[in-house]
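Remarks on the structure that follows.
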Protein chains: 2
Amino acid sequence: MAPTETLTPERILAATEDVLRRHGAAKATVVDVARALGVSHGSVYRHFGTKAELRGAVTRRWLDRTTAVLAEVVAGPEEPPAKLRLWFAALFDAKRHKAGDDPELFDTYSVLARENSDVVYAHIDELTDQLTAILQEGVGQGRFEAPDIGVTARALFEATTQFHDPVHAPEWSRPGAQQSFDTVLTLLLRGIAAR
Amino acid sequence: MAPTETLTPERILAATEDVLRRHGAAKATVVDVARALGVSHGSVYRHFGTKAELRGAVTRRWLDRTTAVLAEVVAGPEEPPAKLRLWFAALFDAKRHKAGDDPELFDTYSVLARENSDVVYAHIDELTDQLTAILQEGVGQGRFEAPDIGVTARALFEATTQFHDPVHAPEWSRPGAQQSFDTVLTLLLRGIAAR
């Protein structure tokens, strides 16, 4: 790649993902990333002070892609019950695609997620905030009932663990997975519906 | 142990669990089990035809202990909503105790469960049948509403994955685990309550 191109954090992170895809989480080094960009490793360190920082940032970027897709659902025109179902369907879909389209990269990011639990917790907080926004909308319209909206958002996220926690990825491609998802969502929507 | 004592399947399985506890899933052999009982390995094979059969049977015995505790809850005097909550609490409790009291044996059985998925599926079917019985009772009394009781039982089991699937064992001892459990259960009970 032409070294005259400005070295931005995004270019470094894109190159890091390529290196992770080729070498895996255990073997990827900052020197590999610098070589892929045609720059010195010192240039990479000017943007990301340590290898750990770079690995945390690339993990955040991976998770942020899902957050961005889901933010569009939150901003969408659906009625709150349909929007809530769509949000979980989009989350399950995004996860299944990440796991199914490039299983090795998915495994690599699962390793990175385990070593960057603070990044993962921040991601879960963002997703729970999105759920809170949908619940708030539904409560405002008299469609949902929730004594504590934040607590209910968290409970919804935890009751759907099977459809987004990477430890369950092997189950996502089994024949009954979509039906499981549908019946759990129906039960949960009934649990928050106004009476 | 005195070899004059009658060699029952239960004695063999108890000895197998001891051997698994001492040697782990990878190293335990039928010869170790026979030695612990003071009998020939041929005597063991008269009860369990293969090593795989013995490992499946000891896995079933481990899971059956939980099934037996939960069957008492199903037969108990509580009203259906309280009984349903108690049943899940007993399941979560049994799992936490198995994981926390003897973590190495728990890991050993997690390995055995992965190699005996048919035994695990049969166990999950039994648990779902117990849930179905509680739901049936509640629907009969006009306390619960469920369009398809078997499907709802399965959905309840899947929505509580985080509190019984061994892959989540590391999370069971974290400070917020009990509160998570309580809020998910409240949401699910609301989802099946008659209106």
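The values are calculated or read from the model by the stated rules, or taken from the named source; none is laboratory data. As the structure is a computational prediction, the values presented were derived from the model and not from experiment. Please note: Cβ atoms are built from the backbone with ideal geometry, for glycine as well, and neighbour counts cover all protein chains shown.
Structure values in brief
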{"read-out": "Of the criteria (1) among the small types (G, A, S); (2) in the same structural domain as A:V139 (by TED's automatic domain parsing); (3) part of a helix (DSSP H, G or I), which one A:G76 fails", "value": "(3)"}
{"read-out": "Any pair with Cβ under 8 angstrom, 6 or more apart, that starts in region A:176-195 at a residue that is more than 9 Å from every other protein chain (Cβ to nearest Cβ) and ends at one that is in a strand (DSSP E or B) and crowded, with 16+ Cβ neighbours inside 10 Å", "value": "A:A194/A:F144"}
{"read-out": "Selection status of B:A68, in a helix (DSSP H, G or I) and buried (at least 19 other Cβ atoms within 10 Å of the Cβ)", "value": "no"}
{"read-out": "Conditions (1) crowded, with 18+ Cβ neighbours inside 10 Å; (2) closer than 17 Å to B:T186 by Cβ; (3) of a type outside the set (F, W, Y); (4) more than 9 Å from chain B (Cβ to nearest Cβ); number of the one not met by A:G138", "value": "(2)"}
{"read-out": "Unmet criterion (only one of (1) farther than 25 Å from B:I192 by Cα; (2) assigned by TED's automatic domain parsing to the domain that holds B:G140; (3) among the β-branched types (V, I, T)) for B:V30", "value": "(2)"}
{"read-out": "Every residue from region A:155-175 that is touching a residue at least 12 places away in the same chain (Cβ under 8 Å), facing another protein chain (nearest Cβ under 10 Å) and among the hydroxyl-bearing types (S, T, Y)", "value": "A:T160"}
{"read-out": "Filter result (closer than 15 Å to A:R11 by Cβ, part of a loop (DSSP other than H, G, I, E, B) and touching a helix residue (DSSP H, G or I) at 6+ places or on another chain (Cβ under 8 Å)) within region A:27-58", "value": "A:S40, A:F48"}
{"read-out": "Out of B:A146, B:A153, sole residue that is modelled with pLDDT under 95 and out of contact with any strand residue (DSSP E or B) (no Cβ under 8 Å at 6 or more places or on another chain)", "value": "B:A146"}
